[in-house]
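The values are calculated or read from the model by the stated rules, or taken from the named source; none is laboratory data. Remember, it's a predicted structure, so these values are computed and weren't measured experimentally. All Cβ positions, even for glycine, are placed from backbone atoms using ideal geometry, and neighbour counts span all protein chains on display. The area values use the complete protein model at the heavy-atom level, side chains included, leaving out ligands, DNA and RNA. Shrake-Rupley method; radii C 1.70, N 1.55, O 1.52, S 1.80 Å.
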Amino acid sequence: MEMKLTIRRVPTVVSNYQEDADKPRAGCGRNCLGDCCLPASKLPLYAFKLTPAKGSQEDAASTKLLVDILLSEWEDRMTRGLFRYDVTACETKVIPGNLGFVAQLNEGRHLKKRPTEFRVDRVLQPFDPAKFNFTKVGQEEVLFQFENSGGDDSYFLNNAPIIAVDRAPNVIAINVSPIEYGHVLLIPRVLDRLPQRIDPESFLLALQMAAEGGSPYFRLGYNSLGAFATINHLHFQAYYLSVPFPVEKAATHKIPLSEDTKKNGVTVSKLINYPVRGLVFEGGNTLDDLATVVSNACIWLQDNNVPYNVLISDCGKRVFLFPQCYAEKQALGEVSQELLDTQVNPAVWEISGHMVLKRRMDYEEASETSAWKLLAEVSLSEERFEEVKAYIFSAAGLVQYDEEEEEASDGEGPTAYVPVKVTPLPVAEGCLVLP
């Protein structure tokens, strides 16, 4: 008999319509993002430039357009009372220590939520129209459409028809339970009802949003199912936080790649001395190069049932990838009661070092040691991480240079490049629950 792992969880309410999602409706009766309303609607439109900014003063001025408009529209929704609490009133501090973890006391985020049975042993699950999804969101929660201008300039229209005639539109909406100032959701091709799974096109869109933001303090994050995504409808999160994330300051070890592999300009490093093991992808001759490599890595993870989180940093130039196993450990009863009592779900923001705490005692007693203790439970073991990394490299077309081979050659003869040895993943132990 198949073992089904579930945990009793309270989902984050990301829309004001979420709690009514399972109530019967006679027709629509409101302006939503569904087929009944959206195609004939007009919404603000942000059209981003075809080529990302290169760092000049002119580019900086043009990318500031997205920053200004997004925050202005977000504050407008705050004025209208669309958020469940005032996140700007939440206490925040930088925890003393080497990495500078950021702690926030956000007591309102876990209130007034309905319990749900959430399955954690399947990263890929079919889209279920009966459950809450973003087509049920009211248009007042949408900031604007987010589409490619097709040219070298970005522009904004206050009122525009749905212009993506050949496909469903991309939209940016508020998260009504925000973690930080400017917290929004990027929902690719909303009417296509895509489940929570990364594909090259959607990941490129997320990189384009980060590049268009043009600020190192504007970051995007992604949580797979099994890694604390609670809505099975494709979305990324984004917000501003004007301090470096601890993971951005962490040491890394660059993984040597073959010359053929390096032609796309993407480099790969491994995090060092950080509580969660992860890979760092950087560069690329184009955004598409970086998007292709990272999305192929993510596709292997989700196709092979490995939960993961992604942080897009440095204006889309740097991507952190974290395979993780906390939810499964939780379902198997392997997480201590002390950590469970914190009610912290270590998703992408927590893993990156922004600790969203729900109890005042945890906030007041927060330390680098306590943050490290929680996040260490998220990480794969070193042995399992190396096995998963080998599969990721193979899926992404990366060939690792064998450093031992280099030492053996002692500089004589041609440089040798060999693929990473890939061994079967063990099923009986660790953090994977395979079909």
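Considering only residues of region 257-275 that are among the aliphatic types (A, V, I, L, M) and within 17 Å of residue 395 (Cα to Cα), which is surrounded by the most Cβ atoms within 10 Å (Cβ to Cβ)?
Looking only at region 257-275, we keep the residues that are among the aliphatic types (A, V, I, L, M), and these are 257, 266, 268, 271-272.
Narrowing the set further to residues that are within 17 Å of residue 395 (Cα to Cα) leaves 257, 266, 268.
Working: 257: 19, 266: 23, 268: 27.
The selected residue is 268.
For residues that are crowded, with 24+ Cβ neighbours inside 10 Å and not hydrophobic (A, V, I, L, M, F, W, C), tally how many sit in region 276-293.
1
So residue 226 ticks every box in (1) at negative phi; (2) out of contact with any His (no Cβ under 7 Å at 6 or more places or on another chain) but one. Which box is left unticked?
(1)
Give the residue that is modelled with the lowest pLDDT, with candidates limited to residues of region 98-127 that are among the aliphatic types (A, V, I, L, M) and part of a loop (DSSP other than H, G, I, E, B).
Taking region 98-127 first, the residues among the aliphatic types (A, V, I, L, M) are 99, 102-103, 105, 111, 120, 123-124.
From what is left, the residues that are part of a loop (DSSP other than H, G, I, E, B) are 99, 111, 120, 123-124.
Values: 99: 94, 111: 57, 120: 68, 123: 95, 124: 95.
Among them, the one singled out is 111.
Take the residues in region 207-234 that are out of contact with any Cys (no Cβ under 9 Å at 6 or more places or on another chain) and among the aromatic types (Phe, Trp, Tyr), then tell me which one is least open to solvent (accessible area, probe 1.4 Å).
If we take residues in region 207-234 being out of contact with any Cys (no Cβ under 9 Å at 6 or more places or on another chain) and among the aromatic types (Phe, Trp, Tyr), then 228 is least open to solvent (accessible area, probe 1.4 Å).
Being in contact with a helix residue (DSSP H, G or I) (Cβ under 8 Å, 6 or more places away or on another chain), farther than 21 Å from residue 87 by Cα and at pLDDT below 95 is true for just one of 166, 153. Which residue is that?
153
Quick check on my filter: what residues within region 213-236 are farther than 24 Å from residue 330 by Cα and of a type in the set (S, T, N, Q)?
215
Considering only residues that are open to solvent by less than 20 Å² (accessible area, probe 1.4 Å), assigned to a loop (DSSP other than H, G, I, E, B) and out of contact with any helix residue (DSSP H, G or I) (no Cβ under 6 Å at 6 or more places or on another chain), which ones fall in region 235-252? Working first, answer last.
Taking region 235-252 as the starting set, the residues that turn out to be open to solvent by less than 20 Å² (accessible area, probe 1.4 Å) are 235-236, 238-239, 241, 245-247, 250.
From the residues that got through so far, the ones that are assigned to a loop (DSSP other than H, G, I, E, B) too are 235, 241, 245, 250.
Residues satisfying the conditions are 235, 241, 250.
Please name all residue pairs, on different chains or six or more residues apart, with Cβ atoms under 7 Å, provided the first residue is in region 124-150 and is open to solvent by 10 Å² or more (accessible area, probe 1.4 Å) and the second residue is aromatic (Phe, Trp, Tyr) and not in a loop (DSSP other than H, G, I, E, B).
148/48; 149/48; 149/155
Hey, does region 294-305 have a residue that's in a strand (DSSP E or B), surrounded by fewer than 22 Cβ atoms within 10 Å (Cβ to Cβ) and of a type outside the set (Asp, Glu)? Walk me through it before giving the result.
Here is the first cut: in region 294-305, the residues in a strand (DSSP E or B) are none.
Scanning region 294-305 turns up no residue that is in a strand (DSSP E or B), surrounded by fewer than 22 Cβ atoms within 10 Å (Cβ to Cβ) and of a type outside the set (Asp, Glu).
Looking for something in a strand (DSSP E or B), under 24 Å from residue 123 (Cα atoms), of a type in the set (A, V, I, L, M, F, W, C) and touching a residue at least 40 places away in the same chain (Cβ under 8 Å) - is there at least one such residue anywhere in region 216-228? Can you show your working first?
Initial filter on region 216-228 (in a strand (DSSP E or B)): 218-223.
Checking which are under 24 Å from residue 123 (Cα atoms) leaves us with 219-223.
So of that shortlist, the ones also of a type in the set (A, V, I, L, M, F, W, C) come out as 220.
Okay, now just the ones that are also touching a residue at least 40 places away in the same chain (Cβ under 8 Å), so 220.
Yes - at least one qualifying residue is present in region 216-228.
Return the residues of region 85-102 that are free of Cβ contacts under 8 Å to residues at least 60 places away in the same chain and hydrophobic (A, V, I, L, M, F, W, C); say none if nothing qualifies.
89, 90
Suppose we filter region 345-371 for residues that are farther than 19 Å from residue 228 by Cβ and either open to solvent by less than 50 Å² (accessible area, probe 1.4 Å) or of a type in the set (A, V, I, L, M, F, W, C) (or both); how many remain?
Residues meeting the conditions: 5.
Go through region 156-181 and count every residue that is surrounded by fewer than 21 Cβ atoms within 10 Å (Cβ to Cβ) and within 24 Å of residue 107 (Cβ to Cβ). Step through it out loud before you land on a result.
In the first step, residues of region 156-181 are kept if they are surrounded by fewer than 21 Cβ atoms within 10 Å (Cβ to Cβ); the result is 156-168, 181.
Now drop any that are not within 24 Å of residue 107 (Cβ to Cβ), which leaves 181.
Residues that pass the stated criteria total 1.
Between a residue in region 378-397 that is closer than 26 Å to residue 335 by Cβ and any residue that is of a type in the set (S, T, N, Q) and open to solvent by less than 10 Å² (accessible area, probe 1.4 Å), which pairs come within a Cβ distance under 6 Å, given they are 6 or more apart or on different chains?
378/324
Going by the conditions given, is residue 279 in contact (Cβ under 8 Å) with a residue 24 or more places away in the chain, farther than 24 Å from residue 328 by Cα and within 18 Å of the chain's Cα centre (by Cα)?
Working: in contact (Cβ under 8 Å) with a residue 24 or more places away in the chain: yes; farther than 24 Å from residue 328 by Cα: no; within 18 Å of the chain's Cα centre (by Cα): yes.
For residue 279, the condition - in contact (Cβ under 8 Å) with a residue 24 or more places away in the chain, farther than 24 Å from residue 328 by Cα and within 18 Å of the chain's Cα centre (by Cα) - is not met.
Among the residues of region 231-287, write down those that are of a type in the set (Phe, Trp, Tyr) and farther than 18 Å from residue 207 by Cβ. Outline the logic, then answer.
The initial filter retains those residues of region 231-287 that are of a type in the set (Phe, Trp, Tyr), namely 236, 239-240, 245, 274, 281.
Result: 274, single match.
Just checking, how many residues over region 185-206 are open to solvent by 10 Å² or more (accessible area, probe 1.4 Å), over 12 Å from residue 145 (Cα atoms) and assigned to a loop (DSSP other than H, G, I, E, B)?
Summing the residues that are open to solvent by 10 Å² or more (accessible area, probe 1.4 Å), over 12 Å from residue 145 (Cα atoms) and assigned to a loop (DSSP other than H, G, I, E, B) in region 185-206 gives 5.
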